[in-house]
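A short write-up of the structure that comes next.
The values are calculated or read from the model by the stated rules, or taken from the named source; none is laboratory data. In this text the structure is predicted, and so the values were computed from the model without any measurement. Because the Cβ atoms are built from the backbone with ideal geometry, glycine has one as well, and the counts that use them run over all protein chains shown.
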């Protein structure tokens, strides 16, 4: 396929594009510098971010130059898009730390050698802005009436919207202007929920620089049920192996709804589309083979082939009666804890499988906790050394979450 825009359409990424035919011609004609911004609201990127990283990788593979923009400045405000309340205001130190972790993760996914990709941080130009100069150059180009009609702000009007948050679109738009002037950046990309923010920058650059720049958004990573992918009962699926282990990521992808297999193979792997369609067309028990391929490929891209193989072996050890279970998440605990005995509710909290005794009680009462495949039926159940075989027990929460305890 000759043009990366056609590839992105075929794989299902694209939501909206400004002047599509001009963009297609531009991408065909020259190496285009583009950017995606990532606010540093946590100390790891998520599976949702990985969709954006895949777009950047496809673009880079086609000869274009990505800018991964760390939001060290914009995170000081926080994007109000999709939020019913104001975001928690993070300290400058926390934002700097989060941005440093993002930087480490991006270096695993994009090729930064020989200027093939750029990483920058909008803290470099936003933290020391002169307010009056900024408003004279940038603020005069934004209509308050128009901004109030946009979803990012409109949904907050009843609960209240601070001027602090209202400034976010101006800051993000200024990023595009700075990157245009600094690197010749001609495109901003982002999730579909960012369309109005992205258009703000697109309009600003066109007005101030009298040049053609472009905007593109892609669909958010959602399941067939309409839920955001990467959000589970246990929490977010992170790209940091310390926060979400390769095994947990593998299991999450392995448990994909049948209806989503082809879609996620297209979006989250580099498998050729003929193979994606072949796997997606499998039915009945055969679809599980496609899910294994999906889980392996995604885990390999994020954590490497060795960790993907370990995770696959661990999964097969649990579900197919063979393979290596060493990659299953585990916690080593002191033997003395079980000499005295520990209640199941306290143990679940200790392992991070539940947040409270109330949650643990509900799980036990609903038959959602098992030890070595035996359901726990008493909320007062005490776990002792007698429960261990070969120095370990395997706790299952629901149908999909497994955790070993070793002594």
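Please go through region 389-407 and pick out each residue that is farther than 13 Å from residue 332 by Cα, crowded, with 17+ Cβ neighbours inside 10 Å and out of contact with any helix residue (DSSP H, G or I) (no Cβ under 7 Å at 6 or more places or on another chain). Answer for region 389-407, where residues must be farther than 13 Å from residue 332 by Cα, crowded, with 17+ Cβ neighbours inside 10 Å and out of contact with any helix residue (DSSP H, G or I) (no Cβ under 7 Å at 6 or more places or on another chain): 395, 396, 401. I'd like to know if region 198-209 contains one or more residues that are in contact with a helix residue (DSSP H, G or I) (Cβ under 9 Å, 6 or more places away or on another chain) and closer than 30 Å to residue 301 by Cα. Yes, region 198-209 has at least one match.
Listed here are the helices (runs of 4 or more DSSP H) enclosed by region 125-205 that have at least 1 residues being closer than 20 Å to residue 18 by Cβ: 144-148, 151-154, 168-183. Taken together, the residues in region 237-259 that are closer than 22 Å to residue 56 by Cα and either surrounded by fewer than 21 Cβ atoms within 10 Å (Cβ to Cβ) or under 13 Å from the mean Cα position of the chain (by Cα) (or both) amount to 6.
Of all residues in region 168-189, those satisfying the criterion of being crowded, with 17+ Cβ neighbours inside 10 Å and touching a residue at least 60 places away in the same chain (Cβ under 8 Å) are 168, 171, 172, 175, 176, 179, 185, 186, 187, 188, 189.
So that you can scan it fast, the table gives a plain yes or no per residue for (1) outside any helix (DSSP H, G or I); (2) not assigned by TED's automatic domain parsing to the domain that holds residue 12:
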residue	(1), (2)
212	yes, no
241	yes, yes
244	yes, yes
250	no, yes
256	yes, yes
259	no, yes
263	no, yes
